[in-house]
Every structure is written in C-alpha cells, then in structure tokens.
Amino acid sequence: MTFFLTILAFSSLAVLFYIYIGYSILLGILSFLFPARKVRKEPIQPSVTLIISCYNEEDILPAKLANCFSLDYPSQKLEICVVSDGSSDRTDEISEAHADKGVKLIRQEKRLGKTAGLNLAVSGTSGEIIVFSDANAMYDQDAISKLVQNFADHTVGYVVGEAKYTDAASTSSARSEDTYWQYEIVIRKLESSLHSMVGGDGAIYAIRRELYDELRHSDINDFVNPLQIIAKGFRGIYEPEAVCWEETSGSFSKEFRRKVRIVNRSFSGLLRVPAVLNPFRTGFFSFEVFSHKLLRWFTPYFFILFIFSTTVLGLQDVSPFQHITVFLAFFFLFAFTGYLLSANPHVWPMFSMPYYFCSVNIAALIGVNKRLMGHTQVTWNPPRQTEEAGSKIARPIILHITAALLLVFLLFETGRFFHLPLFFAKTTFWTSFGIIFYVYFGYPVVLSFWSWCCPKPVDCSEIFPDVSLLICAYNEEEVIAEKIQNSLALNYPSSKLHIAVASDGSSDKTAEIARSFSGESVTLFDYKERTGKIGAILKTVPCLSSDVIVFSDANTMYAPDAVKKLVRSFNDAEVGAVSADVIMQNEETTFGRSESSYYSYERWIQRKESEIGSIIGADGGMYAIRRELFKAPSPNIILDDFVISMNVALQGKRVVFDEDAIGFEMSSITHKAEFFRKSRVVAGAVQALKQAEGIPGP
C-alpha cells in the first residue's frame, strides 16, 4: 500500500509540476530549438465590424463609444455594433443616441446570453474582419490596425490582442489576478510562435468573417470559435502590440464566479470540438490544448490525489512526506488567512496568493463538475456589476471548520515532528483553557464589576416620537396577518406609528394578505425580485421619514407597550439605538429549554454591557434606531441587525438594551435548524470582520 501511495504522490506531483512549470519551460525550449513561424504583416485596411457585447452597461458604454470614435482607423471602413442582451437600463438609449455616428444597435429582446447575441449580430454585419470586444475594454488608438495587419497572411484565421489591467496594483485581488495574467501572456506568446495560441480573449480578438460558424447559446464564443477556426486549418496569432485596457473583477468572490463560468463553458466547448485534440488533424496545437487547457482544468483532481496520498504517507512517518504534509497544512492555513482578509485591499502576498491559487482551482473543480453533470451556464452578470443583494452564504462555515481542523492537525504534526517537550503541551492546554474560561465566566465577572463601579444610566423619560415599524417578510403567509394585527394593537399613539411591510419577492400570499391591511397606518412595499432581507431594508428605509425606525421580523410578536418602552431611551441624546428583550418560546422540548436558558444568559450579558456603555449588536426581532443615524450596509451583508446597530455605535452613540421592551418569538424546533442559524451568525460575523462593517476599519 505504501508503495502504491508513493507512486500516486510522485505521479500527481509530476503532473502538477508539468501543468504550472514544465509546460512553459518546454515551450521555451522548443522556441529556442525551432525558429518561430513567421506571420506576414502588411498595413492593410479591410472593412471591420467592431461588436460590443452589452448587458446593462449604461455606466461604461458612453466611455466605450468615445473610445471607439477615437480609434485610428478609417471611419468609412469601421462599423460599430452594440449588441444589447435584453438590457433593462439605458444601454439601448445611449447606443441609439449615437446612431448619427454610425453606431448600430442590435437588441435581443429576451436575455439569452452573450453568444446568442453575437450570432444575431454577425448575421447582420458586413465587415470582412470582425473584432469582438467587451464594453469595459478601452482600446489603444492603433489597436484595430495592429490586429488586422496580421490578416495579410492568408494562413491566419484569428488574432488576439493583449489585455492589460488599469488597476493591477489597487487591491490584493487585482495583484493576484495580474500576476496570473502575466504568466498567461508568456504562455500565449510562446504558443503563438510555435503554432497558435489556444483560445481568444473576449476583450479584444478578431476573426475573418467567413470563418464564423453559428454557435450554440451555451458555447463560450472566444474559445469555441477559435477552436473551430483551427480545425479548419488556420492559425491563431497573439499580437502584443494590439493593446486594450480594462479593470480586474475587483474582488476574489467576483473572480471566483468568473472562473467557474469560464471553465464550465470552456470545457463544454472543447467537448463540442474534439477534433482539435487529434494530432493528425491539428498537429502541435492538439498538444497545446491538452497541456494548457485540459490538464489545467483537471488540476484540482491531481491536487486531491496528491494531498490524500501525501497525508496518509506523512501520518505513517514516511520521509519526506511528513515534511510535505506540514508544508501543505501551512499553505492552506495561509490561504484561509487570505480568505478572511480578502476584503482588505492590501493583504500580504504570502496570504493573498495561496488564497487566489486555491480559489481558482476550486472554481475549476466546480466548473468541470457542473459540465460533467450536464449543466452549462449561459447567462451571467459582468463582474464589474454590483453583487446580487442578499447573496447566499457561500458555505463559509465549512471553511472555518476545515481551517480549525487544519490547525489542530498542524499542531499535532508539529509536536510529533519536533518532539516538543511536555511544557509546550501544558502551556497550550492552560492557554486554551484560560481563553474558554474567560469567554464564559471571566467576561461576565468583569462586566459585573465594571457596571457596579462605573454605571452609565440612561434617561428613560416617556416620549412619543414618530415611529416607522418596518417588517421584512419573505413567504410569511402563515404569520403576516397576526403580525400586522399585533402591530396595529400596540399601545402607542396611532398618529405617530406607521407600519411598513416589505415583501421581499414573496411567492406565496404574503403581499396579498398585507395589502388587505393597507391604509393610513399600513403601507405595503411589494418588491417583485427577491434581494434578501438587507436588500428589502436598503430599498425601504429611504422611503421612511419618521424620527425612529423599529426593525422587526414577521414572526416576532410584541407586548402591547413594547414600542413605547423601546423608544423612551431616545430621550437620552447619547442613545442612538435600542435593542429589546425578545423571549424565546417553544420550551416544551429539552432543546427548546436549553436554547431559552442560553438566551437568558445572553440577555444578562447585554444588560450589563448596556449599563456601562453599549451592547454588541442588536436583536433583529426588535430594535430601533434614530432615522438620521442609519448608515446603509453593503447589499451582500448577512447580519444586517449587527451591522446597522454597530454603525450607530461607530458614529459615537450608545446602543442600549431595554429589558422592559418585550417581544416573543418561537425558538428553533430542531438541533439542525439551530445549527444552521448559528452557522449563519458565525458566517455573518466573519463577513463583517472581513468587510470592516459595523466594526472599526482601517
């Protein structure tokens, strides 16, 4: 078994070495041994159609069109075509406004994806050469001229320009992406000199019009179309002097989604044109595709084999695998640190590069697996567009658990490897014990002593400010009527209490039921698209004009005087937010009683924190803030109640706890439900830390 695992470990390592280092070295050696294949270049000026793919590009399209008008190419030979893939913003309007300058708008009424739009556009254009571009790619003045000069060589079927990043040094994500891109450029140049570069670049590449074959909607045009051209016997050339400038995706998360999409569609595309893998048909190019693309996409599988075999051998003390295992553990911990710090624009490369490396390989694994299961992505949002509000938790809790296990494993292996003395083990034990003891016992003792020595009382004289009670609801048809009735029955002046129900794309009868209560005291905000609770809050709060906003969940029922008690603390000018005492019900089970006991402990902590200053975060079931102190969180934030309330504290105001303002909420019915709820809280806390929201940032 050891022999087999050793062979597996070294074989997978050899493949990984070849993929990332060996292939480029081999290309360099071959380029040195064999003369580069010449390309006949002449200053020709064929008719050119420049196709710009757009989906909701109103922000960047004016600059792109201005860039097109400045190109150093005869205007009578340059046709500019904007393909709008069902855009719902001003993209079409902007394009039509430039019709007098030769801009042609081709609109695809339904959103069918970029490739479907290109099929439609190519069939309606007349240029001998077609140049494909993205809306955010800004060309150098001579970029078109530099591209088309290569088509004087009749063996050339497509030409790819060089995309450069304008923000390469702006963030750790951008630096990681640019480093990888520079590595890719080296490979592209070597491939082009030997035969053809593999694939195109959606930002800047050109083809002969007659070589465009209509593509399937699931095809990625800048990969499948070049493969088809190679299969017809033409070459694909890299032209480094044809330059365009664009921004990176801007964040690790956006780059991750982009990589998933690219690998998924590219792998699907290669399966569409398998002839390019036949060396008897495409010669050296088949070797390039296999080495540069196919093996690269399957890198994660080789990594899994390498990690598995190395770890098993390392645990068996087989040299040198115990050293490699420790190195891998450190590498992944560094990558995890990079993940935690990924929202910070300036992360050390020792953390950001391992994270980027792991991220793109996980993306490749997902992309390939999706295709193997029969799914190919057709539509997507450009990476520069805002992330979807209320986005789902991307399984961060799994990452945290994995990192914790890695740390334990690393400590274990380090102890075994270095034969650490008993003193180290004892120190680790007592340090860990001390931290746990402080968290659950020491901190409450400190709070008790501090609140006894230095209390900060709150002026709770009765006041009646204008209040908006905001209820965010998604598919709450079972409780929304009871919640609205409960709110209308509150012991608070009706002229000063307005109830706002924000239906977050509910697909049941939530909106219909809420609409039946609409009147002077109740307003329904019926949002058709689901954007998550934070999305509903961000869209609704600007519509509220009251002095105080009370945030509530649909399943939290208030005691009659809850709002009256909640807002009285605002008589104190130092108070900016107030959290209520939401009591967990459903104590008929052992788990329910345990949960209720835990929250009693948490409420005691909050009461003591409030007595000396501010609590850490509010309860989303019932809390209130001064309207003017609302600072909008990012639209992807998970713990909206934590971030909104702590943003108040960051503005110098207190966030206090009022145990007399009481609400009631059903506790989790099962251990599983509470586990996932707690996982969400932990994930949200880590996200807030990463994005520096609700906490002091740099």
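The table below lists the values:
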quantity	calculated
Interchain or long-range residues, amide H under 5 Å from residue 79's placed H	48, 49, 50
GluC sites (Glu not before Pro) restricted to region 482-559 and DSSP loop, no more than 15 other C-beta within 10 Å	520, 529
Those trypsin sites (Lys or Arg not before Pro) in region 88-137 that DSSP places in a loop and that have at most 12 other beta carbons within 10 Å	110
Equivalent ellipsoid dimensions for region 7-163 as semi-axes, Å, which come from the Cα gyration tensor, largest first	37, 23, 13
CD proxy at 222 nm, helix term only [per DSSP H run n ≥ 4: -39500 (n - 2.57); per residue of the chain; nearest 500]	-14500 deg cm²/dmol
Cα-based equivalent ellipsoid of region 126-191: semi-axis lengths in Å, sorted from largest, via gyration tensor	27, 16, 9
Long-range tail of P(r) for region 488-562 (Cα pairs > 18 Å, %)	42
Neighbour-limited loop hits for trypsin sites (Lys or Arg not before Pro), region 1-75 (at most 10 other Cβ within 10 Å; DSSP other than H, G, I, E, B)	38
Alpha carbon convex hull of region 467-691, volume per residue in cubic angstrom	120
Partner lysines for residue 496 [C-alpha distance under 17 Å; skip if fewer than 8 residues away on the same chain]	564, 565
Beta bridges per DSSP with both ends in the chain, % antiparallel, nearest 5	25
Beta bridges per DSSP with both ends in region 30-267, % antiparallel, nearest 5	25
Diffusion constant of the chain at 10 °C, which comes from Stokes-Einstein with the Kirkwood Cα-pair radius and 1.306 mPa s, µm²/s	54
Residue exposure sequence - 24, 600 - by fewest surrounding Cβ within 10 Å	600, 24
Kirkwood Rh in Å, taken over all unlike Cα pairs in region 156-287	15.5
Semi-axis lengths (Å, descending) of the ellipsoid that matches the C-alpha gyration tensor of region 318-365	23, 13, 7
Alpha-carbon spread of region 445-490, three principal axes, descending order, Å	49, 28, 15
Cα-Cα over 25 Å, subset of 110/528; 114/370; 114/539	114/539
Calculated from backbone phi, Karplus (6.51, -1.76, 1.60) coupling profile of region 440-446 in Hz, x at Gly/Pro	9, 10, x, 4, x, 5, 4
Ranked packing of 645-654, 76-85, 4-13, most packed first, by mean Cβ within 10 Å	76-85, 645-654, 4-13
If the convex hull is drawn through the Cα atoms of region 30-267, its volume per residue in Å³	125
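Here, each number is a calculation from the coordinates, and none is a lab measurement. The model shown is predicted, which means the values in this text are computed figures rather than measured ones. Cβ sites come from the backbone with ideal geometry, for glycine too, and all protein chains shown count toward neighbours.
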